[in-house]
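The values are calculated or read from the model by the stated rules, or taken from the named source; none is laboratory data. Just so it is clear, the structure is predicted and the values come from calculations on it, not from any experiment. Here the Cβ positions follow ideal geometry from the backbone for every residue, glycine too, while neighbour counts run over all protein chains shown. Ligands, DNA and RNA are stripped out before the accessible areas are found, and what is left, the full protein with its side chains, is counted by its heavy atoms. Shrake-Rupley method; radii C 1.70, N 1.55, O 1.52, S 1.80 Å.
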Amino acid sequence: MPRTISSFEFTLKKRPQHQTLTNWLYGELRNAILEGRLGSGTRLPASRDFARQYGLSRGTVVSVFERLLDEGYISSKVGFGTWVNRVMPVQPNQQTTSTPPAYIRSVISAYVRPKPYVDLVWKEQSHPFRAADPAIAEFPSEVWGRISAKHARNFRSWLDTPGDGRGYKPLRDAIADYLRASRGVRCSSEQIMMVSGIQQALDLLARLLLKRRDPVWMEDPGYFGASVAFGSVGARIIGVPVDEEGLSVSAGKKLCPHAKGVYLTPAHQFPLGVTMSLERRMAVLNWASRAGAFVIEDDYDSEYRFEGQPVPALQSLDENSNVILIGSFSKTLFPSLRLGYIVLPPSLVDNFLAFRYQTDFRNSNFDQAVLCDFIVDGHLARHLRRMRDLYASRLEALIEGGNEYLGGLLEISNVRAGLYTVGFLKNGMTSREAEKAAAARGVEAIGIDRYTLKRPDPKGVLLGFAAHTESAIRQALIQLSAALS
(Lines give C-alpha, C1' and ligand atoms only; values in the text may rest on other atoms or scores of the structure.)
Protein backbone atom coordinates (compact mmCIF):
# COMPACT_ATOMS: atom_id res chain seq x y z
CA MET A 1 0.00 0.00 0.00
CA PRO A 2 1.57 3.37 -0.97
CA ARG A 3 2.13 5.73 1.94
CA THR A 4 1.98 9.49 1.75
CA ILE A 5 3.19 11.95 4.34
CA SER A 6 0.42 14.31 5.38
CA SER A 7 0.66 17.66 7.16
CA PHE A 8 -2.63 16.52 8.76
CA GLU A 9 -4.10 20.01 8.58
CA PHE A 10 -7.72 18.97 8.41
CA THR A 11 -10.51 20.62 10.34
CA LEU A 12 -11.81 19.10 13.56
CA LYS A 13 -15.41 19.92 14.38
CA LYS A 14 -16.19 21.70 17.63
CA ARG A 15 -16.47 19.35 20.60
CA PRO A 16 -20.01 19.04 22.02
CA GLN A 17 -20.27 20.39 25.56
CA HIS A 18 -21.01 17.06 27.26
CA GLN A 19 -18.57 14.83 25.25
CA THR A 20 -15.17 13.84 26.59
CA LEU A 21 -12.03 14.88 24.73
CA THR A 22 -11.08 11.26 24.08
CA ASN A 23 -14.44 10.25 22.59
CA TRP A 24 -14.61 13.45 20.53
CA LEU A 25 -11.13 13.00 19.01
CA TYR A 26 -11.73 9.30 18.37
CA GLY A 27 -14.99 10.06 16.55
CA GLU A 28 -13.42 12.80 14.44
CA LEU A 29 -10.50 10.62 13.29
CA ARG A 30 -12.68 7.54 12.71
CA ASN A 31 -15.16 9.52 10.60
CA ALA A 32 -12.33 11.10 8.60
CA ILE A 33 -11.01 7.63 7.76
CA LEU A 34 -14.42 6.16 6.89
CA GLU A 35 -15.36 9.16 4.72
CA GLY A 36 -12.05 9.02 2.83
CA ARG A 37 -10.80 12.41 4.03
CA LEU A 38 -7.86 10.52 5.51
CA GLY A 39 -6.98 8.16 2.67
CA SER A 40 -5.35 4.78 3.05
CA GLY A 41 -1.59 5.04 3.38
CA THR A 42 -1.71 8.55 4.87
CA ARG A 43 0.96 8.91 7.53
CA LEU A 44 -0.19 10.53 10.77
CA PRO A 45 1.96 12.88 12.80
CA ALA A 46 3.69 11.58 15.90
CA SER A 47 1.47 11.74 19.00
CA ARG A 48 3.65 14.49 20.54
CA ASP A 49 3.39 16.65 17.38
CA PHE A 50 -0.33 15.97 17.06
CA ALA A 51 -0.97 16.99 20.65
CA ARG A 52 1.01 20.21 20.25
CA GLN A 53 -0.73 21.10 16.95
CA TYR A 54 -4.25 20.75 18.35
CA GLY A 55 -3.65 21.85 21.94
CA LEU A 56 -4.32 18.44 23.51
CA SER A 57 -2.52 16.34 26.06
CA ARG A 58 -0.26 13.66 24.66
CA GLY A 59 -2.01 11.05 26.85
CA THR A 60 -5.35 11.80 25.13
CA VAL A 61 -3.80 11.42 21.67
CA VAL A 62 -2.00 8.18 22.60
CA SER A 63 -5.24 6.74 24.00
CA VAL A 64 -7.14 7.53 20.80
CA PHE A 65 -4.36 6.16 18.56
CA GLU A 66 -4.30 2.91 20.55
CA ARG A 67 -8.07 2.49 20.19
CA LEU A 68 -7.92 3.08 16.42
CA LEU A 69 -5.00 0.63 16.22
CA ASP A 70 -6.96 -2.06 18.10
CA GLU A 71 -9.95 -1.61 15.78
CA GLY A 72 -7.81 -1.88 12.63
CA TYR A 73 -8.21 1.67 11.35
CA ILE A 74 -4.49 2.46 11.59
CA SER A 75 -1.18 0.59 11.79
CA SER A 76 2.02 1.47 13.59
CA LYS A 77 5.59 0.23 13.54
CA VAL A 78 8.59 1.47 15.44
CA GLY A 79 10.80 3.49 13.14
CA PHE A 80 8.14 3.74 10.42
CA GLY A 81 5.44 5.81 12.14
CA THR A 82 1.66 5.49 12.09
CA TRP A 83 -0.46 5.35 8.97
CA VAL A 84 -4.07 4.81 7.91
CA ASN A 85 -5.09 1.31 6.78
CA ARG A 86 -7.16 0.59 3.69
CA VAL A 87 -10.78 1.01 4.76
CA MET A 88 -13.81 0.97 2.45
CA PRO A 89 -15.28 4.50 2.64
CA VAL A 90 -18.91 4.98 3.60
CA GLN A 91 -21.12 5.37 0.49
CA PRO A 92 -23.81 8.05 0.66
CA ASN A 93 -27.42 6.92 0.49
CA GLN A 94 -28.46 7.53 -3.12
CA GLN A 95 -32.15 7.65 -2.19
CA THR A 96 -31.81 10.56 0.22
CA THR A 97 -30.27 13.07 -2.20
CA SER A 98 -31.43 16.52 -1.17
CA THR A 99 -33.05 18.91 -3.62
CA PRO A 100 -30.51 21.49 -4.90
CA PRO A 101 -30.94 25.06 -3.62
CA ALA A 102 -32.94 27.47 -5.78
CA TYR A 103 -29.85 29.21 -7.18
CA ILE A 104 -28.48 25.88 -8.45
CA ARG A 105 -31.82 24.92 -9.98
CA SER A 106 -31.89 28.24 -11.84
CA VAL A 107 -28.43 27.57 -13.30
CA ILE A 108 -29.37 24.04 -14.32
CA SER A 109 -32.45 25.27 -16.14
CA ALA A 110 -30.70 28.22 -17.81
CA TYR A 111 -27.70 26.50 -19.41
CA VAL A 112 -27.48 23.58 -21.78
CA ARG A 113 -24.54 21.92 -23.50
CA PRO A 114 -23.48 23.48 -26.81
CA LYS A 115 -25.16 21.81 -29.79
CA PRO A 116 -21.99 20.03 -31.05
CA TYR A 117 -21.64 18.23 -27.71
CA VAL A 118 -25.22 17.01 -27.35
CA ASP A 119 -25.30 13.19 -27.61
CA LEU A 120 -21.66 13.19 -28.70
CA VAL A 121 -19.66 10.28 -27.27
CA TRP A 122 -15.94 11.06 -26.85
CA LYS A 123 -13.47 8.26 -26.37
CA GLU A 124 -10.56 8.79 -23.98
CA GLN A 125 -7.99 8.04 -26.66
CA SER A 126 -7.94 9.78 -30.01
CA HIS A 127 -9.22 7.71 -32.93
CA PRO A 128 -9.36 8.54 -36.63
CA PHE A 129 -10.84 10.86 -37.72
CA ARG A 130 -10.93 13.14 -34.68
CA ALA A 131 -10.63 16.60 -36.19
CA ALA A 132 -9.44 18.70 -33.26
CA ASP A 133 -6.06 17.10 -32.56
CA PRO A 134 -2.65 18.02 -33.98
CA ALA A 135 0.20 15.49 -34.12
CA ILE A 136 1.18 15.89 -30.47
CA ALA A 137 3.61 12.95 -30.66
CA GLU A 138 5.69 14.93 -33.18
CA PHE A 139 6.04 18.00 -30.97
CA PRO A 140 9.68 18.73 -29.94
CA SER A 141 8.97 18.20 -26.25
CA GLU A 142 12.66 17.90 -25.33
CA VAL A 143 13.31 21.40 -26.67
CA TRP A 144 10.28 22.75 -24.81
CA GLY A 145 11.45 20.97 -21.66
CA ARG A 146 14.94 22.50 -21.85
CA ILE A 147 13.51 25.99 -22.23
CA SER A 148 11.06 25.37 -19.36
CA ALA A 149 13.86 24.13 -17.10
CA LYS A 150 15.95 27.20 -17.89
CA HIS A 151 13.15 29.55 -16.88
CA ALA A 152 12.33 27.49 -13.79
CA ARG A 153 15.95 27.87 -12.62
CA ASN A 154 16.17 31.56 -13.51
CA PHE A 155 12.71 32.67 -12.49
CA ARG A 156 13.66 36.33 -12.16
CA SER A 157 13.90 36.52 -15.94
CA TRP A 158 10.10 36.39 -16.12
CA LEU A 159 8.91 36.92 -12.54
CA ASP A 160 10.25 40.47 -12.18
CA THR A 161 8.65 41.78 -15.36
CA PRO A 162 6.23 44.69 -14.91
CA GLY A 163 2.59 43.71 -14.41
CA ASP A 164 0.96 44.47 -17.76
CA GLY A 165 -2.56 43.28 -18.50
CA ARG A 166 -1.52 42.83 -22.12
CA GLY A 167 0.85 39.97 -21.28
CA TYR A 168 4.58 39.23 -21.23
CA LYS A 169 6.15 42.01 -23.30
CA PRO A 170 8.94 39.97 -24.98
CA LEU A 171 6.33 37.41 -26.13
CA ARG A 172 4.08 40.13 -27.53
CA ASP A 173 7.08 41.51 -29.43
CA ALA A 174 7.80 38.03 -30.82
CA ILE A 175 4.18 37.46 -31.85
CA ALA A 176 4.02 40.86 -33.54
CA ASP A 177 7.14 40.00 -35.55
CA TYR A 178 5.71 36.59 -36.44
CA LEU A 179 2.34 37.97 -37.55
CA ARG A 180 3.89 40.74 -39.62
CA ALA A 181 6.20 38.31 -41.41
CA SER A 182 3.91 35.29 -41.88
CA ARG A 183 0.42 36.78 -42.04
CA GLY A 184 0.98 40.33 -43.30
CA VAL A 185 -0.62 41.75 -40.16
CA ARG A 186 -0.06 45.44 -39.50
CA CYS A 187 0.39 45.80 -35.76
CA SER A 188 2.72 46.63 -32.91
CA SER A 189 3.12 44.64 -29.72
CA GLU A 190 1.09 47.32 -27.89
CA GLN A 191 -2.00 46.14 -29.80
CA ILE A 192 -1.58 42.52 -28.71
CA MET A 193 -3.40 41.07 -25.68
CA MET A 194 -2.48 37.62 -24.41
CA VAL A 195 -5.43 35.40 -23.45
CA SER A 196 -5.94 31.74 -22.54
CA GLY A 197 -7.22 30.82 -26.00
CA ILE A 198 -9.82 31.55 -28.66
CA GLN A 199 -12.77 31.01 -26.33
CA GLN A 200 -11.58 33.55 -23.77
CA ALA A 201 -10.90 36.00 -26.58
CA LEU A 202 -14.44 35.57 -27.90
CA ASP A 203 -15.97 35.81 -24.43
CA LEU A 204 -14.15 39.06 -23.61
CA LEU A 205 -14.89 40.62 -27.00
CA ALA A 206 -18.57 39.62 -26.90
CA ARG A 207 -19.06 41.19 -23.47
CA LEU A 208 -17.16 44.33 -24.48
CA LEU A 209 -18.70 44.92 -27.91
CA LEU A 210 -22.24 43.56 -27.73
CA LYS A 211 -25.38 44.31 -25.75
CA ARG A 212 -28.55 42.29 -25.40
CA ARG A 213 -30.43 41.95 -28.71
CA ASP A 214 -27.54 43.39 -30.75
CA PRO A 215 -27.48 41.54 -34.10
CA VAL A 216 -24.20 39.88 -35.12
CA TRP A 217 -23.42 37.90 -38.28
CA MET A 218 -22.03 34.37 -38.01
CA GLU A 219 -21.00 31.89 -40.66
CA ASP A 220 -23.57 29.12 -41.14
CA PRO A 221 -22.31 26.48 -40.60
CA GLY A 222 -19.72 27.95 -38.28
CA TYR A 223 -17.68 27.66 -35.11
CA PHE A 224 -20.01 26.91 -32.22
CA GLY A 225 -17.72 28.60 -29.67
CA ALA A 226 -18.55 31.99 -31.20
CA SER A 227 -22.28 31.34 -30.96
CA VAL A 228 -21.81 30.33 -27.30
CA ALA A 229 -19.96 33.60 -26.55
CA PHE A 230 -22.44 35.79 -28.42
CA GLY A 231 -25.42 33.95 -27.00
CA SER A 232 -24.14 34.37 -23.43
CA VAL A 233 -24.54 38.17 -23.71
CA GLY A 234 -27.96 37.89 -25.29
CA ALA A 235 -26.88 38.94 -28.78
CA ARG A 236 -29.10 38.08 -31.75
CA ILE A 237 -27.13 35.69 -33.94
CA ILE A 238 -27.73 36.04 -37.67
CA GLY A 239 -26.69 32.88 -39.51
CA VAL A 240 -25.22 33.90 -42.89
CA PRO A 241 -24.73 31.08 -45.43
CA VAL A 242 -21.27 30.02 -46.56
CA ASP A 243 -20.48 28.90 -50.10
CA GLU A 244 -17.29 28.04 -52.01
CA GLU A 245 -16.02 31.64 -51.58
CA GLY A 246 -16.78 31.97 -47.89
CA LEU A 247 -19.46 33.97 -46.09
CA SER A 248 -22.00 35.51 -48.48
CA VAL A 249 -21.93 39.23 -47.75
CA SER A 250 -24.88 39.88 -50.05
CA ALA A 251 -26.96 37.35 -48.11
CA GLY A 252 -25.90 38.97 -44.85
CA LYS A 253 -27.04 42.38 -46.06
CA LYS A 254 -30.45 40.98 -46.97
CA LEU A 255 -30.82 39.24 -43.62
CA CYS A 256 -29.62 42.12 -41.43
CA PRO A 257 -27.82 45.05 -43.11
CA HIS A 258 -27.13 46.92 -39.86
CA ALA A 259 -25.57 44.15 -37.78
CA LYS A 260 -23.21 45.26 -35.03
CA GLY A 261 -20.43 42.97 -36.24
CA VAL A 262 -19.41 39.70 -37.86
CA TYR A 263 -17.33 36.68 -36.85
CA LEU A 264 -15.29 35.03 -39.64
CA THR A 265 -12.77 32.23 -40.20
CA PRO A 266 -11.50 33.45 -43.61
CA ALA A 267 -8.21 31.52 -43.83
CA HIS A 268 -9.80 28.08 -43.39
CA GLN A 269 -13.52 28.29 -42.77
CA PHE A 270 -14.78 26.11 -39.96
CA PRO A 271 -16.15 23.58 -40.69
CA LEU A 272 -16.34 23.59 -44.52
CA GLY A 273 -12.65 24.41 -44.98
CA VAL A 274 -12.95 26.97 -47.81
CA THR A 275 -10.70 30.04 -48.05
CA MET A 276 -12.53 33.35 -48.35
CA SER A 277 -12.01 34.90 -51.78
CA LEU A 278 -10.44 38.35 -52.19
CA GLU A 279 -13.71 39.69 -53.58
CA ARG A 280 -15.59 38.55 -50.46
CA ARG A 281 -12.87 39.92 -48.19
CA MET A 282 -13.16 43.35 -49.74
CA ALA A 283 -16.95 43.15 -49.64
CA VAL A 284 -17.05 42.42 -45.91
CA LEU A 285 -14.53 45.20 -45.18
CA ASN A 286 -16.56 47.70 -47.23
CA TRP A 287 -19.76 46.68 -45.46
CA ALA A 288 -18.11 46.95 -42.03
CA SER A 289 -16.72 50.39 -42.85
CA ARG A 290 -20.10 51.75 -43.99
CA ALA A 291 -22.06 50.09 -41.15
CA GLY A 292 -19.53 50.97 -38.45
CA ALA A 293 -19.34 47.28 -37.56
CA PHE A 294 -16.56 45.20 -36.07
CA VAL A 295 -15.05 42.17 -37.81
CA ILE A 296 -13.65 39.40 -35.59
CA GLU A 297 -11.18 37.45 -37.73
CA ASP A 298 -10.39 34.05 -36.24
CA ASP A 299 -7.11 33.07 -37.94
CA TYR A 300 -8.07 29.40 -37.70
CA ASP A 301 -5.61 26.87 -39.18
CA SER A 302 -3.94 29.63 -41.22
CA GLU A 303 -0.45 28.14 -40.82
CA TYR A 304 -1.26 24.94 -42.67
CA ARG A 305 -1.71 25.37 -46.41
CA PHE A 306 -0.38 22.62 -48.65
CA GLU A 307 -0.97 24.17 -52.07
CA GLY A 308 -0.42 27.65 -53.47
CA GLN A 309 0.82 30.76 -51.69
CA PRO A 310 -0.08 31.61 -48.09
CA VAL A 311 -3.12 33.88 -47.89
CA PRO A 312 -2.53 37.09 -45.90
CA ALA A 313 -4.79 37.86 -42.98
CA LEU A 314 -7.96 39.86 -43.61
CA GLN A 315 -6.58 42.39 -41.13
CA SER A 316 -3.79 43.24 -43.58
CA LEU A 317 -6.41 44.70 -45.97
CA ASP A 318 -8.22 46.74 -43.33
CA GLU A 319 -7.82 50.52 -43.70
CA ASN A 320 -10.47 51.57 -41.19
CA SER A 321 -9.60 49.69 -37.96
CA ASN A 322 -12.65 47.44 -38.17
CA VAL A 323 -10.84 44.09 -37.90
CA ILE A 324 -9.94 42.40 -34.61
CA LEU A 325 -7.65 39.41 -35.19
CA ILE A 326 -7.65 36.47 -32.78
CA GLY A 327 -5.46 33.37 -32.79
CA SER A 328 -3.97 30.68 -30.56
CA PHE A 329 -1.15 28.13 -30.40
CA SER A 330 -3.32 25.11 -29.56
CA LYS A 331 -3.15 23.64 -33.07
CA THR A 332 0.37 24.76 -33.99
CA LEU A 333 1.91 23.45 -30.75
CA PHE A 334 -0.36 21.49 -28.38
CA PRO A 335 -3.92 22.00 -27.06
CA SER A 336 -3.08 22.10 -23.35
CA LEU A 337 -0.91 25.18 -23.93
CA ARG A 338 -3.61 27.67 -23.05
CA LEU A 339 -2.17 30.70 -24.82
CA GLY A 340 -3.84 32.83 -27.45
CA TYR A 341 -3.78 36.45 -28.53
CA ILE A 342 -5.98 39.31 -29.69
CA VAL A 343 -4.72 42.00 -32.08
CA LEU A 344 -6.84 45.08 -31.43
CA PRO A 345 -7.20 48.31 -33.39
CA PRO A 346 -5.12 50.97 -31.57
CA SER A 347 -8.18 52.98 -30.52
CA LEU A 348 -9.69 49.95 -28.74
CA VAL A 349 -6.64 48.93 -26.70
CA ASP A 350 -7.21 51.08 -23.59
CA ASN A 351 -10.92 50.25 -23.39
CA PHE A 352 -10.25 46.54 -23.75
CA LEU A 353 -7.52 46.65 -21.13
CA ALA A 354 -9.77 48.45 -18.64
CA PHE A 355 -12.53 45.92 -19.32
CA ARG A 356 -10.16 42.98 -18.96
CA TYR A 357 -9.24 44.11 -15.44
CA GLN A 358 -12.71 42.98 -14.38
CA THR A 359 -11.55 39.38 -14.74
CA ASP A 360 -7.80 39.37 -13.99
CA PHE A 361 -4.82 41.65 -13.41
CA ARG A 362 -1.82 39.55 -14.41
CA ASN A 363 -0.95 36.90 -16.97
CA SER A 364 0.78 33.56 -16.53
CA ASN A 365 4.26 34.77 -17.42
CA PHE A 366 6.05 31.44 -17.03
CA ASP A 367 4.36 29.73 -20.00
CA GLN A 368 4.57 32.96 -21.95
CA ALA A 369 8.33 33.22 -21.32
CA VAL A 370 8.84 29.64 -22.51
CA LEU A 371 6.78 30.26 -25.66
CA CYS A 372 8.68 33.47 -26.30
CA ASP A 373 12.04 31.67 -26.39
CA PHE A 374 10.52 28.88 -28.49
CA ILE A 375 9.55 31.47 -31.12
CA VAL A 376 12.62 33.72 -30.94
CA ASP A 377 15.08 30.82 -31.12
CA GLY A 378 13.48 29.61 -34.37
CA HIS A 379 11.87 26.42 -33.01
CA LEU A 380 8.34 27.47 -33.98
CA ALA A 381 9.29 28.13 -37.60
CA ARG A 382 11.12 24.78 -37.86
CA HIS A 383 8.22 22.94 -36.23
CA LEU A 384 5.70 24.50 -38.62
CA ARG A 385 7.76 23.58 -41.69
CA ARG A 386 8.09 20.00 -40.49
CA MET A 387 4.38 19.72 -39.66
CA ARG A 388 3.34 21.10 -43.05
CA ASP A 389 5.23 18.28 -44.77
CA LEU A 390 3.83 15.66 -42.38
CA TYR A 391 0.24 16.87 -42.60
CA ALA A 392 0.41 17.18 -46.38
CA SER A 393 1.45 13.52 -46.66
CA ARG A 394 -1.31 12.42 -44.27
CA LEU A 395 -3.94 14.40 -46.18
CA GLU A 396 -2.73 12.83 -49.42
CA ALA A 397 -3.07 9.38 -47.83
CA LEU A 398 -6.62 10.25 -46.81
CA ILE A 399 -7.56 11.45 -50.29
CA GLU A 400 -5.99 8.48 -52.06
CA GLY A 401 -7.59 6.04 -49.65
CA GLY A 402 -10.92 7.80 -50.00
CA ASN A 403 -10.78 7.38 -53.76
CA GLU A 404 -10.04 3.69 -53.27
CA TYR A 405 -12.56 2.81 -50.56
CA LEU A 406 -15.28 5.47 -50.53
CA GLY A 407 -16.31 5.75 -54.17
CA GLY A 408 -20.04 6.52 -54.40
CA LEU A 409 -20.27 6.85 -50.62
CA LEU A 410 -18.31 9.94 -49.66
CA GLU A 411 -16.68 12.69 -51.73
CA ILE A 412 -13.68 14.22 -49.98
CA SER A 413 -13.21 17.97 -50.38
CA ASN A 414 -10.37 19.18 -52.60
CA VAL A 415 -9.28 21.82 -50.06
CA ARG A 416 -5.58 21.35 -49.29
CA ALA A 417 -5.28 23.08 -45.91
CA GLY A 418 -5.81 22.68 -42.18
CA LEU A 419 -5.81 19.70 -39.85
CA TYR A 420 -9.01 18.15 -41.19
CA THR A 421 -11.06 17.95 -44.36
CA VAL A 422 -14.72 17.46 -45.15
CA GLY A 423 -16.38 14.43 -46.70
CA PHE A 424 -19.73 15.04 -48.40
CA LEU A 425 -22.13 12.10 -48.29
CA LYS A 426 -23.27 10.56 -51.57
CA ASN A 427 -25.17 7.57 -50.18
CA GLY A 428 -28.35 9.32 -49.02
CA MET A 429 -27.41 9.36 -45.33
CA THR A 430 -27.80 12.45 -43.13
CA SER A 431 -24.78 13.80 -41.30
CA ARG A 432 -25.97 12.37 -37.99
CA GLU A 433 -26.76 8.95 -39.46
CA ALA A 434 -23.27 8.75 -40.94
CA GLU A 435 -21.71 9.85 -37.65
CA LYS A 436 -23.53 7.14 -35.70
CA ALA A 437 -22.73 4.47 -38.26
CA ALA A 438 -19.05 5.41 -38.18
CA ALA A 439 -18.98 5.42 -34.37
CA ALA A 440 -20.35 1.88 -34.35
CA ARG A 441 -17.24 0.90 -36.34
CA GLY A 442 -14.86 2.74 -33.99
CA VAL A 443 -14.42 5.75 -36.31
CA GLU A 444 -14.89 9.35 -35.17
CA ALA A 445 -16.46 11.26 -38.06
CA ILE A 446 -18.43 14.21 -36.67
CA GLY A 447 -21.53 15.29 -38.59
CA ILE A 448 -21.37 18.81 -40.03
CA ASP A 449 -25.00 19.41 -39.04
CA ARG A 450 -23.75 19.90 -35.48
CA TYR A 451 -22.33 23.27 -36.56
CA THR A 452 -25.31 24.66 -38.48
CA LEU A 453 -27.51 27.49 -37.24
CA LYS A 454 -30.51 27.60 -39.58
CA ARG A 455 -29.03 26.03 -42.66
CA PRO A 456 -30.31 22.59 -43.74
CA ASP A 457 -28.06 19.61 -43.09
CA PRO A 458 -25.04 19.86 -45.46
CA LYS A 459 -24.84 16.04 -45.30
CA GLY A 460 -21.18 15.62 -44.55
CA VAL A 461 -18.67 14.63 -41.87
CA LEU A 462 -15.38 16.03 -40.62
CA LEU A 463 -12.31 13.88 -41.23
CA GLY A 464 -9.32 14.83 -39.13
CA PHE A 465 -6.00 13.50 -40.41
CA ALA A 466 -3.27 15.45 -38.58
CA ALA A 467 -2.97 13.26 -35.48
CA HIS A 468 -3.18 9.91 -37.28
CA THR A 469 -0.56 7.89 -39.11
CA GLU A 470 -1.05 6.91 -42.74
CA SER A 471 -1.60 3.27 -41.79
CA ALA A 472 -4.21 4.25 -39.18
CA ILE A 473 -5.94 6.46 -41.75
CA ARG A 474 -6.09 3.60 -44.23
CA GLN A 475 -7.54 1.16 -41.71
CA ALA A 476 -10.11 3.72 -40.58
CA LEU A 477 -11.17 4.34 -44.18
CA ILE A 478 -11.89 0.62 -44.57
CA GLN A 479 -14.10 0.74 -41.48
CA LEU A 480 -15.77 3.96 -42.64
CA SER A 481 -16.54 2.38 -46.01
CA ALA A 482 -18.23 -0.54 -44.27
CA ALA A 483 -20.18 1.88 -42.06
CA LEU A 484 -21.48 3.94 -44.99
CA SER A 485 -22.25 1.03 -47.30
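Computed values, structure above
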read-out: Cα long-axis angle, helix 431-440 against the chain (0 to 90 degrees, to the nearest 10); value: 50
read-out: Residue-by-residue Karplus 3J(HN,Hα) for segment 277-289, coefficients 6.51, -1.76, 1.60, Hz, glycine and proline x; value: 5, 4, 4, 5, 4, 5, 5, 5, 5, 5, 4, 4, 5
read-out: Rounded tilt (10° steps) of 169-183 against the dominant C-alpha axis of the chain; value: 30
read-out: Shape of segment 216-369, Cα gyration tensor, a/c cut at 1.5; value: oblate
read-out: Whole-angstrom Cα spans of segment 395-451 along principal axes, big to small; value: 26, 24, 21
read-out: Inverse of mean 1/r across different Cα pairs in segment 29-89, Kirkwood, Å; value: 11.7
read-out: Cα gyration tensor, segment 324-371 - rounded (a/c under 1.5), prolate or oblate; value: oblate
read-out: Degrees separating the helix 379-405 axis from the principal Cα axis of the chain, which is the longest one; value: 70
read-out: Fraction of accessible area attributable to carbon and sulfur, segment 252-354 (%, probe 1.4 Å); value: 52
read-out: Dipole moment magnitude, nearest 20 debye, segment 327-484 about Cα centre, only Lys, Arg, Asp, Glu C-beta charged; value: 200
read-out: Angstrom value of the Kirkwood radius, inverse mean 1/r, which spans all Cα pairs in segment 316-443; value: 19.0
read-out: Accessible area per residue, Å², the chain with all protein chains present, probe 1.4 Å; value: 49
read-out: Reachable lysines, given that their alpha-carbon falls under 27 Å from the alpha-carbon of Lys115 and they are not under 8 places away in the same chain; value: Lys123, Lys211, Lys253, Lys254, Lys260, Lys331, Lys426, Lys436, Lys454, Lys459
read-out: Bridge type composition, the chain - antiparallel percent by DSSP, nearest 5; value: 60
read-out: Reachable aspartates and glutamates, given that their alpha-carbon falls under 13 Å from the alpha-carbon of Lys150 and they are not under 8 places away in the same chain; value: Glu142, Asp367, Asp373
read-out: Rg to Rh, two decimals, where the chain supplies the alpha carbon set and Rh follows Kirkwood; value: 1.08
read-out: Cα gyration tensor, segment 246-310 - rounded (a/c under 1.5), prolate or oblate; value: prolate
read-out: Charge dipole (debye, nearest 20) of the chain; +1 at Cβ of Lys and Arg, -1 at Cβ of Asp and Glu; value: 1640
read-out: For segment 179-221, convex hull volume per residue from C-alpha positions, Å³; value: 137
read-out: Those GluC sites (Glu not before Pro) in segment 193-288 that DSSP places in a loop and that have at most 16 other beta carbons within 10 Å; value: Glu244
